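The values are calculated or read from the model by the stated rules, or taken from the named source; none is laboratory data. Fair warning: this is a prediction, and the values are worked out from it, not measured in the lab. Note that we place each Cβ from the backbone using ideal geometry, even for glycine, and neighbour counts take in every protein chain shown. Heavy atoms of the whole protein, side chains included, go into the accessibility calculation; ligands, DNA and RNA do not. Shrake-Rupley method; radii C 1.70, N 1.55, O 1.52, S 1.80 Å.
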Amino acid sequence: MKMKKYIASSMPEAMKLIRKELGDDAVILSSKVVFSKGFLGLFKKKSIEVVAGMDTFEQSSNTFEVPTVVPQEHLNVSVEIKKELEDLKLMVKNIGRPEMLSSYPTEMKTLIDYLQEQELSEELITPVSDELFVHLKSNTGVLEMEEQITITKNILETQMEHLPFGGISYTKKYINVLGPTGVGKTTTIAKMAARAVLEKKKKVGFITTDTYRIAAIEQLKTYAGLLQAPLEIVYNEKDLQEAMVKFENLDIVFIDTAGRNYKETKFVRDLQKLIEFEMNTETFLVLSSTSKQKDMEVIIEQFSEFPIEKFIFTKVDETNTIGSIINLMVKYNKGLAYYTDGQEVPEDIMEASLEELLKLFLKGIHYERSS
């Protein structure tokens, strides 16, 4: 393991330096407050010292090596072995963490408990708790909740500020909407299309490849009728090409792909054969915020070969925990286009922004404000 010491003005600044030099797989091993020597003992400057590490074989004058177990270079690693390696990596990251967390003051308990209740990952809670600890030590153990929330927002912003936010760009003609069955994909498409018609005055059309579920076709027909938009049902690549010719004069065409159990690789391959994802398209993956994070991860990994630009999360109103939304965005480096919170078309859909996502995530913190 390659390890290096960083000194920065704050934890977010240290994280930026670590990510830039060691990458996103770096592990925070320790952190502490340090003070530089001042003139005649005065004007001392507070900094934070962080030791970070990562698995590597490279040598550097600024680093030192700790033995680590790694797979053979030419080993054909199966999915199961990859999973075991990821679990091992997570275990290494958390070595010493229980002892460190147990030393945190009770002033942090309300916020940390809330982040855990929201099912935010430990990889994201750790830098938040470390930064709170640094501020508490430098403020003689006093840190108002408003300031704790501000610190939390700043840390999470640092993790997500490079990700794209916002809905349809209106620079591409075809909008591919992917997702498993039961996530509300067709209703979400209707909401997106209605906004394009009502707010942007666009001429829209629909193509559905979901020939397996009659109810889905009838639902889309209803929405198409309300928007006075044409709809084509396609069964194969030839049908799709003909539909595109018919829709040459439209501004936006929404493609509703079949809602299937995409844990099955066969259905993913069928979709790849049918749709040319390299054409003039934007592609979104729809997931339900009520699903287990591990189940969503399986879906995302099955779609890893598709050019997915952003996620859409549905049913936000049906869950009390939305930490998984942030976890998945950070883990898979994907942005957020929309989240939906009801069945009304087109009202119950919100175009995503980083500020609004963090506001939604932190709105449930309840505490006594000091007078």
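Could you please give the count of residues in the stretch 1-31 that are in a strand (DSSP E or B), crowded, with 16+ Cβ neighbours inside 10 Å and of a type in the set (Ser, Thr, Tyr)?
Total meeting the criteria: 2.
Quick one: in the stretch 159-179, of everything that is out of contact with any Leu (no Cβ under 9 Å at 6 or more places or on another chain) and open to solvent by 10 Å² or more (accessible area, probe 1.4 Å), which residue is farthest from THR257 (Cα to Cα)?
Per the criteria, the residue is HIS162.
Just to be sure I understand, how many residues within the stretch 330-345 are surrounded by fewer than 21 Cβ atoms within 10 Å (Cβ to Cβ) and within 12 Å of the chain's Cα centre (by Cα)?
Counting residues in the stretch 330-345 that are surrounded by fewer than 21 Cβ atoms within 10 Å (Cβ to Cβ) and within 12 Å of the chain's Cα centre (by Cα) gives 6.
Filter the stretch 32-55 for residues that are small (Gly, Ala, Ser) and either surrounded by fewer than 19 Cβ atoms within 10 Å (Cβ to Cβ) or farther than 22 Å from ILE125 by Cβ (or both); which is modelled with the lowest pLDDT?
Only one residue tops the list, namely GLY41.
Please pick out the residue among LYS185, LYS173 that is more than 16 Å from ALA352 (Cα to Cα), within 19 Å of the chain's Cα centre (by Cα) and among the charged types (D, E, K, R).
Of the residues listed, the single one that is more than 16 Å from ALA352 (Cα to Cα), within 19 Å of the chain's Cα centre (by Cα) and among the charged types (D, E, K, R) is LYS185.
Kindly indicate the residue of the stretch 304-329 that is hydrophobic (A, V, I, L, M, F, W, C), touching a residue at least 60 places away in the same chain (Cβ under 8 Å) and surrounded by 19 or more Cβ atoms within 10 Å (Cβ to Cβ) and also nearest to GLU282 (Cα to Cα) among those meeting that condition.
That would be ILE308.
Has the stretch 185-193 got at least one residue that is open to solvent by 30 Å² or more (accessible area, probe 1.4 Å) and either touching a residue at least 40 places away in the same chain (Cβ under 8 Å) or among the basic types (Lys, Arg) (or both)?
No - not one qualifying residue is present in the stretch 185-193.
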